[in-house]
Each structure stands twice: as C-alpha cells, then as structure tokens.
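Read-outs throughout are calculated quantities, based only on the coordinates presented, and are distinct from any laboratory measurement. As the structure is a prediction and not an experimental result, all values here were calculated from the model. Backbone-built Cβ (ideal geometry, glycine too); neighbour counts: all protein chains shown.
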Amino acid sequence: MDSQQSALLQRRFVLMTGKGGVGKTTLVAALAVHAASLGMRPLVVELGHRESMRSVFGVDDIGFKPRDVGLGVHAMSVDVDSAVLDYMLEHIPSKRVAKSIVGNKVLERLFAAMPAVGEIATINKLRQLEAETSSGGQRRWGPILVDLDATGHALMFLELRSVIDNIMGAGPMKRLVEETAEMLADPETTRLCLVATPAELPVTETIELYGKLEGRGTVTFGSVFANRMPHVPLSAHSVAALDEVEAAAGAVGRADVAADVAWARVALRGAEAARAQIDRLRAAVPLPIVELPQLPAARMDAGVLGRLGSLAAGGVQ
C-alpha cells in the first residue's frame, strides 16, 4: 500500500459528504471495494433512509446490522429510529420497556423536537462499531466509511459538540458527544473527504462547507474529489485542425463529418467550463484535489468500482 492509500484508508473513519447527486455514495462504495482488495475489512455505513447502497451493490436490503454485500465489503444503514432504540437498549435493561419508550407517540414527538437526538444516537452507533472486535481480539472493521447526508446535515453532525454545549448538562449523553467529537477531530483516526462535480452549484457548496469547518478543529480534511470530470479524446493538433476539417467537410458535402466537428466543439466547451470550476475550487480550498473521470459504464460492476476506488485512493491510474 502506498503512502496516499495509507493516508486515507488506514484511518479508522473515512467520512464523505457533498451536494446531493455528486456521486459520493458510489465513491464510498468504490473505496470500500478497493480497501477489500488490499486485504482490509471495510464497513460502509449509510446514514438516513436513502438506501442508495442497496442499488450500488445489487442486494435486496441493507438494514441496521452489517451484512455482507459482496466483493469483500460489509454495509449497513443507520436510520434515526433504529439508532434511538439502540441507544435506549444500552441504558435501559428491559428491551420491552425501551421499545415502548421509543414507540410512545408523545415521546416520539418530543424526540423529533429536541435538537440533535438523531445525531447523538447515530454517533453512539458509530462508537459501538469502532469498538467491535473479532474473536481474535482484533478490530472487526477497518476502515469504516461513512456516507454522510448532504452538506447541511453533515455540518450539523460534525458540529454536534457546539450544538449541545448550551442545551445539555453533564451526563452520559454529553460525555458520549465529547468523546466522539475528540475521535472525529483526531487526524490519526478520522478524515473528512468532500465530493463535488465540476459544476457551479456543487463547487460553491463545497467551498462554503470548507469555509464553515476550516479552522474549527472539529475534523481533519482529507481530499476533495472532483468527480465525473469530462474528457475529450482530442490531441492539441486535432483541436487546432477543427476549422480546416469543418471547411473541408462543407466543401464536399459531408454532413456527418460536420456534425462530428460540432459535437467536438460542444464537448470542448463543456470540458473548458468544467476545468474553470475546478480551478475555482483549487483557488478557494487548499486541499489535495483528486480528479476522477466520468466513467462510461451505465452500471457500476466490480471492475468499475475497483478502478474508481483505486483512482480515488491514489492507486495506479
């Protein structure tokens, strides 16, 4: 494993966030597949009710317990209701009583109104997973790759310590938050990676999230992944010759060649616009930026996921 791979995949937690639709779920899955190919035991943790990992790995269901999804990867989905019940079961001896508390409609509305209840229950589950060991006493999971919700919710999750400081006194909940906040802030334990596509809104949101978190000490950044970068397979010589080709095609009535030239111009403009956005991102966010190609596959099979994960982790292109 090279130094770039060690810097990311050898952390206990790899957190991933970005604007919806930028491909972070696929990227998390790809990194997990690559980690498994290196002999590691990755666990993908998807937050919320999105269940996107189910379609990526082509399995019928991914629930609250880790399950084998193939390719050497385990995955689970942490929804708030299950996480709250899990937290209650830790602190209430009777499972029946714990379920009755969580299922109480009045308390359910109270939980929904209370700030950060879902986030606290979620980090409780992450702490449990981090502490799990195999029968031989080794860490059961590594790395744990967390597919965070979109950037707004991710910000709440990462800033949980400051959120509860003024609303919660000393006690087991606050102690849990404090301990987890220290774990997430530890650069040897956790890295937060940002994902964007080369378009105006995803780049702007990535810059804004970086600005909100930078310097606060709540998390150590990893890489920024510029996903789905367009590639136009034309040499500089071919680009320079487009005018001549277009003129020649018009002279001999080759509409098909003229159409190809028009397509090439559109593709070039798109690539230039994408490059401008990534240049804007580089100027505003002083982090390593890993450019990932727009992959042609309609469905991410094992080979495509492995290649994408290798590129993302700094493997041989």
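Classify region 241-317: rounded, prolate or oblate, from the alpha-carbon gyration tensor (a ≥ b ≥ c, eigenvalue square roots; a/c under 1.5 rounded; otherwise prolate if a/b is larger than b/c)? Since a/c reaches 1.5 but b/c is at least a/b, the shape of region 241-317 is classed as oblate. Amide H contacts for Ala313 (H built 1.01 Å from N in the peptide plane; partners 5 or more residues away or on another chain; cut-off under 5 Å): none found.
Mind ranking 241-254, 214-227, 27-40, 195-208 by how tightly packed they are, going by the mean number of other C-beta atoms within 10 angstrom, highest first?
27-40, 195-208, 214-227, 241-254
Of the peptides 305-312, 19-26, 174-181, the order by per-residue mean of other Cβ atoms within 10 Å, starting with the highest, comes out as 305-312, 19-26, 174-181. Each residue, Lys174 and Thr133, gets one label point 7 Å from its Cα in the Cβ direction; the gap between the two is 3.1 nm.
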